[in-house]
Amino acid sequence: MALWRNLALVAGLVVLVLAPFTQATYGTYVLCSWLIFAIAAMGLNLTLGYAGQISLAQASFMGIGAYTTALMTMAGIHWIFSVFAGMGLCFVVGLVLGYPALRVQHHFLAFITLAFATLAFLVMRNEDWLTGGVYGLVGIPRPDFGPISTMSQRSYYYFTLVVFLFAFAGFRWIVRSPWGRAFKALRENPIRANSLGVDTRLITLLAFAIGAAYGGLSGSLMAPLVQYIDPMSFTLIISLKILLMVVVGGSGYLFGPLLGAGLVIMLPEFLRFAESYYLMIYAGLVVILMVYCPTGLIGLIDKTAAAFKAKRVARGDLGQGAQL
Amino acid sequence: MTAEAPVLDVRNISKSFGGIKAVDDVSFTVNRGEILGLIGPNGSGKSTLFNCILGQSRPDKGKVEVNGKPVLGMRPCDLSKRLGVARTFQMLQVFPQMTVLDNIILAGQEHSGTMLGRLMGASDAGLTESADRLIAFFRLGHLRDELAGSLSYGQQKLLDAAMAFMAGPQLVLLDEPAGGVNLTMLEHLKDRLSTYNRENGSTFVVIEHNMEFVMSLCTRILVLANGAIIAEGSPEEVRANPIVIEAYLGS
């Protein structure tokens, strides 16, 4: 099992490295967006999938990261500093947004994060002096690393891939550490977790803050990719799109958001032949997937794999009769 | 009685809800190594008393100390970490989407090291070994890597109890550990609890409706009715006490 998993990982990595060679500039751009949205979805997966805290504001954190990077790099500061500034800002704002979650849950929390998303949008749109208002910011430079430029689409793709792999490794580290266990415990049963010594207040705030920082990182990659940002790129619709990626991919699974982002970003491209019907087909496919496999694409893969595997005994203890 | 200070000291606790006195001036102490049973008909104030002891409900009057330190106003996680108080709940409380092993490790991981250390360090140094020991002790070994949610009710109840012991607590409060557990499992649970108590000298307070279970597990029993203690003594004394029989069966 572990061998198969490792082989699949290596194969996936090879595909990611070779993918741009099969694509023209536009295709490479789509691949880039996939990786960037996968980072944002990874963050929401931590907040929602692992820690069980709903947030409808992930695109707002992308926006905070994107604007921070845009403003700093346009002022001549190197990208690498701007990304830490953007993530740091998102971490702090995420921490503050986490406070309501200590008092309210589920749909009430959804509405609070919705209000925050609206607020962030209004700041981006109305504060012309800082954000350029509805016209946004134009001419965001792409970073250079010594002799390596990221001006070509392909080199920017590899740059994104490296950042993505770091982000993924960091995410994997977090969810496999005792923190990851505490996040899950918070999702499953906050009262019991607290009685066992888990500081549920701190863990809730961290779930928001770390998720937000991932949103910021994704925004910091988005700004130099398109070299132009405006408030419309960070609206509620985009937040819902990221939520869709998490849910469709498999919320609470390591690879879920990666697959989800792939589906949400790529499927419309494959459905181009359907022209104006593509949204209907797209929506239909999502509904079918959710009905038959509520655990998302990861769940679908697990189901398929289980069908080929020798059946396990559902309850090992039954063989031992009434011993327990 | 030893000269040693009691592990749990409950003094003059009163708690009312509206006009109803749920707990009325209750005082008792529990010494190290004791298993105290708290029994009484439904509505006698057992759970309210439990909540006051655990600092989750603020009593109108009185105070609660664990090893000489006041409990009032402390968050449950601090109560667990600083005072070594563990509890189980009346309703089943495990983490269904986590494995049995992860359930047990979680119960101990917050009790050593720092928050940052838990992120950066070698994650489970020592914890897996002690979790495995506890799993073996409660004979859950064959279920170690199963999801807790896939276990039978009785097994989950056993896991629920086991989690309370992971951090090596000073005082364990068990709220109806035997509720809904079948007879064979009940024997197993009782045996494990009394063995743990004997081997580690830890102190238990047990709320339970199953008389057979309480009488054979506990060393001392308090009987509560209408928010007040009406009888106290060894299981034999309580069983023979006419006041207790009347409170339970009605006059």
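Are any residues in the range B:113-127 out of contact with any Pro (no Cβ under 7 Å at 6 or more places or on another chain) and under 19 Å from residue A:206 (Cβ atoms), and if so, which ones? Walk me through how you get there before you give the answer.
First, pick out the residues of the range B:113-127 that are out of contact with any Pro (no Cβ under 7 Å at 6 or more places or on another chain): B:113-117, B:119-122, B:124-127.
Those that are out of contact with any Pro (no Cβ under 7 Å at 6 or more places or on another chain) and under 19 Å from residue A:206 (Cβ atoms): B:113, B:114, B:115, B:116, B:117, B:119, B:120, B:121.
Taking helices (runs of 4 or more DSSP H) that fall entirely within the range B:109-170, which contain at least 2 residues that are under 20 Å from residue B:90 (Cα atoms), out of contact with any strand residue (DSSP E or B) (no Cβ under 6 Å at 6 or more places or on another chain) and at the interface with chain A (Cβ under 7 Å from one of its Cβ atoms)?
Numbers: elements: B:115-120, B:127-137, B:153-165.
Correct list: B:153-165.
With the requirement that a residue be under 21 Å from the mean Cα position of the chain (by Cα), at pLDDT below 95 and loosely packed, with under 13 Cβ neighbours inside 10 Å, what does the range A:80-112 give you?
Hits for the range A:80-112 are A:106, A:107.
Just one of A:202, A:196 is over 14 Å from residue A:50 (Cα atoms), within 14 Å of chain B (Cβ to nearest Cβ) and surrounded by fewer than 17 Cβ atoms within 10 Å (Cβ to Cβ); which is it? Talk me through it step by step, then tell me what you get.
On the way: A:196 fails: surrounded by fewer than 17 Cβ atoms within 10 Å (Cβ to Cβ).
None of the other options fit; the residue is A:202.
Among the small types (Gly, Ala, Ser) and free of Cβ contacts under 8 Å to residues at least 24 places away in the same chain: is that true of residue A:2 in this structure? Step through it out loud before you land on a result.
Numbers: among the small types (Gly, Ala, Ser): yes; free of Cβ contacts under 8 Å to residues at least 24 places away in the same chain: yes.
Taking the combined requirement at face value, the residue satisfies it.
Just a yes or no: is a residue in the range B:38-57 farther than 25 Å from residue B:218 by Cβ and touching a residue at least 12 places away in the same chain (Cβ under 8 Å)?
Start the filter on the range B:38-57 by keeping residues that are farther than 25 Å from residue B:218 by Cβ, which leaves none.
No, that holds for no residue.
Residue B:87: at the interface with chain A (Cβ under 8 Å from one of its Cβ atoms) and closer than 29 Å to residue B:28 by Cα, yes or no?
Details: at the interface with chain A (Cβ under 8 Å from one of its Cβ atoms): yes; closer than 29 Å to residue B:28 by Cα: yes.
Taking the combined requirement at face value, the residue satisfies it.
Restricting to the range B:199-251, and then to whatever is in contact with a Pro (Cβ under 9 Å, 6 or more places away or on another chain) and of a type in the set (Phe, Trp, Tyr), can you tell me which residue is surrounded by the most Cβ atoms within 10 Å (Cβ to Cβ)?
B:213
Looking only at the range A:276-324, how many residues end up being surrounded by fewer than 14 Cβ atoms within 10 Å (Cβ to Cβ), at positive phi and at pLDDT 80 or above?
Looking only at that region, the number is 0.
Within the range A:134-148, does at least one residue satisfy the condition of being surrounded by fewer than 18 Cβ atoms within 10 Å (Cβ to Cβ), of a type in the set (A, V, I, L, M, F, W, C) and without any contact (Cβ under 8 Å) to a residue 40 or more places away in the chain?
Yes, the range A:134-148 contains a residue that is surrounded by fewer than 18 Cβ atoms within 10 Å (Cβ to Cβ), of a type in the set (A, V, I, L, M, F, W, C) and without any contact (Cβ under 8 Å) to a residue 40 or more places away in the chain.
With respect to residue B:107, determine if the residue is among the aliphatic types (A, V, I, L, M), more than 20 Å from residue B:6 (Cβ to Cβ) and either modelled with pLDDT under 90 or buried (at least 16 other Cβ atoms within 10 Å of the Cβ) (or both).
yes
Taking interchain pairs and intrachain pairs at least six residues apart, which have beta carbon atoms under 7 angstrom, with the first residue in the range A:240-255 and more than 21 Å from residue A:115 (Cβ to Cβ) and the second of a type in the set (S, T, N, Q)?
Within 7 Å, the pairs are A:250/A:295; A:251/A:45.
Being closer than 25 Å to residue A:103 by Cα and out of contact with any strand residue (DSSP E or B) (no Cβ under 9 Å at 6 or more places or on another chain) narrows it down to one residue among A:46, A:31; which is it? Give the derivation first.
Numbers: A:31 fails: closer than 25 Å to residue A:103 by Cα.
So the residue among A:46, A:31 that is closer than 25 Å to residue A:103 by Cα and out of contact with any strand residue (DSSP E or B) (no Cβ under 9 Å at 6 or more places or on another chain) is A:46.
Can you pull out every residue in the range A:166-190 that is more than 18 Å from residue A:205 (Cβ to Cβ), free of Cβ contacts under 8 Å to residues at least 24 places away in the same chain and more than 9 Å from chain B (Cβ to nearest Cβ)?
A:166, A:169, A:170
Taking the criterion of being within 11 Å of chain A (Cβ to nearest Cβ), at pLDDT below 90 and outside any loop (DSSP other than H, G, I, E, B), would at least one residue in the range B:187-197 satisfy it?
Checked the range B:187-197: no residue is within 11 Å of chain A (Cβ to nearest Cβ), at pLDDT below 90 and outside any loop (DSSP other than H, G, I, E, B).
Just need a number here: residues in the range A:222-246 that are within 15 Å of residue A:66 (Cβ to Cβ), under 15 Å from the mean Cα position of the chain (by Cα) and surrounded by fewer than 24 Cβ atoms within 10 Å (Cβ to Cβ).
Number of matching residues: 1.
All but one of (1) modelled with pLDDT of 95 or more; (2) over 17 Å from residue A:259 (Cα atoms); (3) in a helix (DSSP H, G or I) hold for residue A:77; which doesn't?
Single failed check for residue A:77: (3).
The values are calculated or read from the model by the stated rules, or taken from the named source; none is laboratory data. As the structure is a computational prediction, the values presented were derived from the model and not from experiment. Positions of Cβ are generated from backbone atoms using ideal geometry, with glycine treated the same way; all protein chains shown enter the neighbour counts.
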